[in-house]
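Laboratory data are not the source of any read-out in this text; all were calculated from the coordinates shown. Every value quoted in this text rests on a predicted model; they were computed, and no experiment measured them. Because the Cβ atoms are built from the backbone with ideal geometry, glycine has one as well, and the counts that use them run over all protein chains shown.
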Amino acid sequence: MANLRGDAVSSRLLSVPDMPDVTLVKTLFNLTRPGDKGQPVLIDKQKLPAEERLKYDLSEKENGFREYVSNLIPLRRRTPFPKPDECQNEMYNIPALPQTSVVIIFMNETWSTLLRSVHSVLDNTPASLLKEVLLVDDASEREHLKRPLEEYLADFPKVRLIRSKTRIGLMKARVIGFDAAASSTVTFLDSHCECFQRWLEPLLARVATDPKIVAVPVTETINSENFGIENSNPIHVAILTFPLLSYDWAYVPKREKQRVKSLIDPIHTPAMAGGMFTISKSWFERLGKYDPELLIWGGENTELSLKVWMCGGRIELIPCSHVGHVFRTHSNYHYGNVKSYYSYHRNTGRVGNVWLDDYKKFTMNSDGQLVDIGDVSERKRLREDLDCKSFRWYLNNVHPELYIVGDGVYNGDIRSALQPSMCVDARDYSYDVALEMLPCHDNGEGQVWDMSELGEIRHSIHCMDSGYSKEVQLARCHGEGGHQAWKYDGRSIHTEFGDCIAIEGHVLFRQACDGSLSQQWTWHKNREQRNLTTHI
Ligand code: UDP
Ligand code: MN
């Protein structure tokens, strides 16, 4: 792919103090086509001259990713081939697909990551499907995002720059772009993304079949140090997490793997990370866009995930659509006159109050006890107008596997029948040592356990596991059953192979079940188990 424009601009910017000395670095590390096809750019910092090393160090501090390395890569580079290979045989009827307006919001983004995002859209999208690219500037302060950006974009008639005079946060910035969009679908991206070939066609194809489908590409990690991009394997869905109401990545649930007919079928995903998706204009409008009271960053992904499902739509992860995203090590922007803590908890507190029903009690700011959440009555009315289903419906039908801290099938402390004043204790969560019994203390902490739908015995993200020895230890939960799957019958906690958790000395071991007192436990039953089959 020719790269004239990208290279010309990088050279022009060489006069900006923190740009790398590209010629020098390319020679030093023998870089011919840095970053091509998503290859990592490997720089040995020790070999950099002092002045370059300073820029190298500063660029990570200022941005939460190694801008220095990003600046060595052309603004137009090829991305890896989309996987799985079956994607290459997929045919899309382009004239039958709706157009989209791509909305990219930014606040103090670096030059190279922002423009590489724009170029990757222009280079990987059929012109007939791309109505426009709307760049929404959320009151950035950096000089390169002022005149230089306008001058650069003047050569690209499809790209339009919209400026917000004041800092409004990512939700309102997206809504400004959405309101300005001229096509029937809108595709949102972050300002440090790279689209793969044919990233858009499969997204639009899904929204075209049903406007209530929100289509999400597979997020590929662009390494924040070396800007390498790989195809993720296996694909992960996004899920809600408690008590923070954030998101996490998880394996595709077993029932969903059984439901889909091929590797490239759309996957039902219980949530989305929030930065990248295609939605029909009418559906986002009908859903009340984002809560207009959300501030700066966080929580909007949870709001949208819940209301899409609960109000009659669906979120699909599209295996053939891939978009790279740089995950920062730290945020590069200030929060204006609010603290990040305040805005995050206010946002998730609002979302929890409107959408979680009685489950809001499992969230951090359930009743505004950390920070005030303001008035949510308008958003509750919206939910009623839309005649949305309950959060319990979401749990039973969309994500029965979801683990909510504090809401296990069994929940609370696990007491030994042999030593009734002793409880299983997760102590300081150290792995690779046998779990210990300590005096029960009733103040939560290491003694609160949940049995999940998958039979895990969980303490937050840590699970009882006895894979490598007879010792029962803590390990990071993997959700795959096996050595982390247990059953509790009101007396013993056992594996499906007839091994029971027992006390030996003051630690936990797995041994053949024999009904002895050292193998008996009391644990509170909290609710019925959910059915792990597909309903929708
Ligand atoms: N953003 C914005 N205004 C803000 C905060 C963020 O426009 O007040 C933009 C930011 O430039 C990015 C997107 O919102 O394009 C998401 O933010 P970020 O990438 O920092 O979030 P992350 O992907 O790390 O969760
Ligand atoms: Mn981002």
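For segment 430-536, what percent of Cα pairs sit more than 16 Å apart? It would help to have the intermediate numbers written out before the result.
On the way: 3358 of 5671 pairs.
Across segment 430-536, Cα pairs with separations above 16 Å total 59 percent.
Take Glu225, project a point 7 Å from its Cα along the Cβ direction, then tell me which residues of segment 322-343 have their backbone nitrogen under 20 Å from it. Correct set: 325-332.
Using a Förster radius of 35 Å, what is the FRET efficiency between Glu293 and Ala154 based on their Cβ-Cβ separation? Nearest 0.05, please. List each step's numbers first, then the result.
On the way: r = 36 Å, r/R0 = 1.04.
Step by step, r from the Cβ atoms, then E = 0.45.
The Cα center of segment 17-81 and the Cα center of segment 168-201 differ in position by 28 Å. Scoring 40-49, 219-228 by mean Cβ neighbours within 10 Å over their residues and listing the highest first yields 219-228, 40-49. Shape class for segment 465-509, computed from the alpha carbon gyration tensor (a ≥ b ≥ c): oblate, with a/c not under 1.5 and a/b at or below b/c. Taking every alpha-carbon pair in the chain and binning the separations at 10 Å intervals from zero gives 3, 17, 24, 24, 18, 10, 3, 0 percent. Among 23-33, 282-292, 52-62, sorting by the average number of other beta carbon atoms lying within 10 angstrom of each residue, highest first, gives 282-292, 52-62, 23-33.
Could you work out the helix-only [θ] at 222 nm for the chain, with each DSSP H run of four or more residues adding -39,500 (n - 2.57) and the total divided by the number of residues, to the nearest 500 deg cm²/dmol?
Details: 13 runs with 124 residues, N = 536.
Taking each H run of at least 4 residues, the total per residue is -6500 deg cm²/dmol.
In terms of surrounding Cβ atoms within a 10 Å radius of their Cβ, Thr495, Thr329, Thr100, Thr187 rank from fewest to most as Thr329, Thr495, Thr100, Thr187.
With 27 Å as the limit on Cα-Cα distance, the pairs of Lys361/Lys525; Lys212/Lys254; Lys289/Lys361; Lys37/Lys212; Lys339/Lys361; Lys172/Lys261 that go past it are Lys37/Lys212; Lys172/Lys261.
If you count, for each residue, the other Cβ atoms within 10 Å and average over each peptide, how do 124-137, 78-91, 464-477 line up from highest to lowest?
Numbers: 124-137: 19.4, 78-91: 15.4, 464-477: 17.6.
Packing proxy ranking, top to bottom: 124-137, 464-477, 78-91.
For the chain, DSSP calls about 65 percent of its internal beta bridges antiparallel.
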